[in-house]
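Shown next, in structure tokens, is the structure this report addresses.
The values are calculated or read from the model by the stated rules, or taken from the named source; none is laboratory data. Since we're looking at a predicted model, the values are computed, not measured. With ideal geometry, Cβ positions are generated from the backbone for all residues, glycine too; neighbour counts draw on all protein chains shown. What goes into the accessible areas is simple: the full protein's heavy atoms, side chains included, and nothing from ligands, DNA or RNA. Shrake-Rupley method; radii C 1.70, N 1.55, O 1.52, S 1.80 Å.
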Amino acid sequence: MKGKNVCMKYKKSGNKIKKCLASLMIFSLAATSVMSLGGCGKKKKITNPNGMKKVGSLNVEEEVNYSDESTKERPGLCISSENELCKIDVYDSYYDVTLDYENGSPSEVGKAYAEAILKVMPDYDSMMESVLYENIKNSYDGRNVNYDDLKKRITTLIAAIPDEYRIEIESFAKAMSDGEEGYSENGKLSYIEILTFQIIPDALRPTACSALSLWGNKTKTGERITLRNLEWNMGSEDQLTRIHAVVHMKKGKESITSINVLGLLDILTAVNDDGVMIGILDVGSKLHSPFVYEGKKCYTFEVRYALEHFSTAKEAGEFLVGESGDFTWCNNLLVTDKKDAFCCENATAEVAVDGKAKSVLRSEDTEIMEGLSWDSKDSLCIVNTFASKGNQDRFTGEPFNINRWVKYNKWVSETDKFSVADVKGLMAREVVEQYEVDNIHNRGTVHTVILDYATCTIHVSFTKGSYADDVPNYIDVGTY
């Protein structure tokens, strides 16, 4: 499969989204914007002091020959905590973690996880502290950080997490910090710093992302294939790309496989044993409503609760939309299972009361915004904006959102039926390292997860180094 140029197709209309479509060129090198690793539509300019230079095609020119199967890596080092409630197998691309809640309490599991991490990576705390402070400073956008206020924010949100998760987090933080306290860039993780890292999407917010689900007449097997591309601040020295983790939360009927980074107990991308898959995607309030954290919940742990307690995507999606008014920020959630695919368009209570947005469980059948096109049945696309009719519009004036949506629409439309190999190929169309180009698979990609419901197999491409490979390599990390 060779990369192909994408052209926008639109109809003349006075509608603002159509005007936006008409004015944008997907492959134009916009002078002022590139996707931010800080999420929420912010832009980070890539400077080139000598001006733009031709860097070759924007598309991958080589033949890309994927198969439906992915590489299976073999573990090297295998370690465990003293009580064996945490086991870590070290693979070339990731750490495979098993947390055993069936034979230990949340407090015991949290402590065991910290113990095992320090065995397998003695410099974990210094590495994670550096990327934490980068996230904190990015979230304050150049303003002085008031650490007293930040501590109050973190402790208030941590206290609102369901008890079993909160106890686990606090035990992990206590064991990892070994008595270190306060915010201080001293190369050691303190108790409050670890708590902060556990709720970055809820308290600091740095994710972007996109997702696509295909089923029925759009797949060769007729079974669902779901793709999720995570974008996040990987750290100035690519710290997070060194600690990819597949975390098996072993809990009987409530078991989860979480694609995350080592040491994090919230949910970025995960699937439960019933095949319910959930991924978080950031969405901002267009009118920049004030941040409220008192009386709020951490949505990343509400996602974990939903995965443990619901066996269908519909039940999980309805629960999360119902909770959305209590979240700290607006967000999208990909929620799929073998039968259904949804986007939880979650608006906070403050945004909803102001009439700026509303919470919607969007499916293929939900009417989308006037002027926005999606041309394929049996498919659902998500980027970093709501898309349902009458909801907040962050397509207009947001090239990163509209460009990715239009590309997905064209790519899905031009293929009759997708195999897993074809879905892998969607992430291998564009050259990642480009000046200010809004790619789907881009410089911010941390991992790409493809779940094949025909075989229950989880395929993951883990970014290593400064940015993802143009042609990502997928690892078979097991089944749900």
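Comparison of 389, 417, 407, 424 shows that the only residue that is within 26 Å of residue 242 (Cβ to Cβ) and of a type in the set (Lys, Arg) is 424.
For region 342-354, the condition holds for at least one residue, the condition being that it is part of a helix (DSSP H, G or I) and either surrounded by 23 or more Cβ atoms within 10 Å (Cβ to Cβ) or touching a Ser or Thr at 6+ places or on another chain (Cβ under 6 Å) (or both). Counting only strands (runs of 3 or more DSSP E) that sit completely within region 361-480, those holding 3 or more residues that are open to solvent by less than 10 Å² (accessible area, probe 1.4 Å) correspond to 379-382, 445-452, 457-462.
Quick one: in region 282-303, which of the residues that are outside any loop (DSSP other than H, G, I, E, B) and out of contact with any strand residue (DSSP E or B) (no Cβ under 7 Å at 6 or more places or on another chain) is surrounded by the fewest Cβ atoms within 10 Å (Cβ to Cβ)? Once the filter is applied, the top-ranked residue is 301.
Residue-by-condition table, conditions (1) closer than 21 Å to residue 226 by Cβ; (2) in contact (Cβ under 8 Å) with a residue 40 or more places away in the chain; (3) in contact with a Cys (Cβ under 6 Å, 6 or more places away or on another chain):
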| residue | (1), (2), (3) |
| --- | --- |
| 425 | yes, yes, no |
| 428 | yes, yes, no |
| 444 | yes, yes, no |
| 460 | yes, yes, no |
| 464 | no, yes, no |
| 469 | no, no, no |
| 473 | yes, yes, no |
| 477 | yes, yes, no |
| 480 | yes, yes, yes |
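Of the candidates 354, 282, the single residue that is of a type in the set (D, E, K, R), over 30 Å from residue 239 (Cα atoms) and modelled with pLDDT under 95 is 354. Inside region 256-267, residues that are hydroxyl-bearing (Ser, Thr, Tyr) and within 14 Å of residue 165 (Cα to Cα) make up a count of 0.
Yes/no per residue for (1) in contact (Cβ under 8 Å) with a residue 60 or more places away in the chain; (2) open to solvent by 30 Å² or more (accessible area, probe 1.4 Å); (3) outside any loop (DSSP other than H, G, I, E, B); (4) farther than 16 Å from residue 170 by Cβ:
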position: 84; (1), (2), (3), (4): no, yes, no, yes
position: 108; (1), (2), (3), (4): yes, yes, yes, no
position: 113; (1), (2), (3), (4): yes, no, yes, no
position: 119; (1), (2), (3), (4): no, yes, yes, yes
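Can you find even one residue in region 217-235 that is touching a Pro at 6+ places or on another chain (Cβ under 7 Å) and not in a helix (DSSP H, G or I)? Scanning region 217-235 turns up at least one residue that is touching a Pro at 6+ places or on another chain (Cβ under 7 Å) and not in a helix (DSSP H, G or I).
Can you confirm whether region 159-172 contains a residue that is open to solvent by less than 10 Å² (accessible area, probe 1.4 Å), of a type outside the set (Asp, Glu) and part of a loop (DSSP other than H, G, I, E, B)? Within region 159-172, one or more residues are open to solvent by less than 10 Å² (accessible area, probe 1.4 Å), of a type outside the set (Asp, Glu) and part of a loop (DSSP other than H, G, I, E, B). Being at negative phi and out of contact with any Cys (no Cβ under 9 Å at 6 or more places or on another chain) is true of residue 344.
Of all residues in region 121-149, those that are within 26 Å of residue 98 (Cβ to Cβ) and either free of Cβ contacts under 8 Å to residues at least 24 places away in the same chain or outside any helix (DSSP H, G or I) (or both) total 3. Would you call residue 279 open to solvent by less than 10 Å² (accessible area, probe 1.4 Å) and either among the small types (Gly, Ala, Ser) or closer than 19 Å to residue 341 by Cβ (or both)? Yes; evaluated as a whole, the condition is true for this residue.
With respect to being modelled with pLDDT of 95 or more, touching a Leu at 6+ places or on another chain (Cβ under 9 Å) and either of a type in the set (S, T, N, Q) or open to solvent by 10 Å² or more (accessible area, probe 1.4 Å) (or both), residue 196 fits the description. For residue 101, the conditions (1) among the aromatic types (Phe, Trp, Tyr); (2) over 29 Å from residue 186 (Cα atoms); (3) buried (at least 22 other Cβ atoms within 10 Å of the Cβ) are fulfilled apart from (3).
Is at least one residue of region 204-211 out of contact with any Lys or Arg (no Cβ under 8 Å at 6 or more places or on another chain) and charged (D, E, K, R)? The answer is yes; a qualifying residue exists. Filtered by the rule that a residue be open to solvent by less than 40 Å² (accessible area, probe 1.4 Å) and assigned to a helix (DSSP H, G or I), region 173-192 gives 173, 175, 176, 177, 192. Going through (1) touching a residue at least 60 places away in the same chain (Cβ under 8 Å); (2) in a loop (DSSP other than H, G, I, E, B) one by one, residue 245 falls short only on (2).
Residues in region 234-268 that are farther than 15 Å from residue 96 by Cα, crowded, with 20+ Cβ neighbours inside 10 Å and modelled with pLDDT of 95 or more: 266, 267, 268. Of all the numbered requirements in (1) surrounded by 19 or more Cβ atoms within 10 Å (Cβ to Cβ); (2) touching a helix residue (DSSP H, G or I) at 6+ places or on another chain (Cβ under 8 Å); (3) among the charged types (D, E, K, R), residue 231 misses one, and that requirement is (2). Taken as a whole, the condition of being among the basic types (Lys, Arg), modelled with pLDDT of 95 or more and under 21 Å from residue 445 (Cα atoms) applies to residue 407. Of the residues making up region 312-341, just one is surrounded by 24 or more Cβ atoms within 10 Å (Cβ to Cβ) and among the charged types (D, E, K, R), namely 337. For region 304-341, a residue qualifies if it is among the hydroxyl-bearing types (Ser, Thr, Tyr) and in a loop (DSSP other than H, G, I, E, B), and the qualifying residues are 311, 312, 328.
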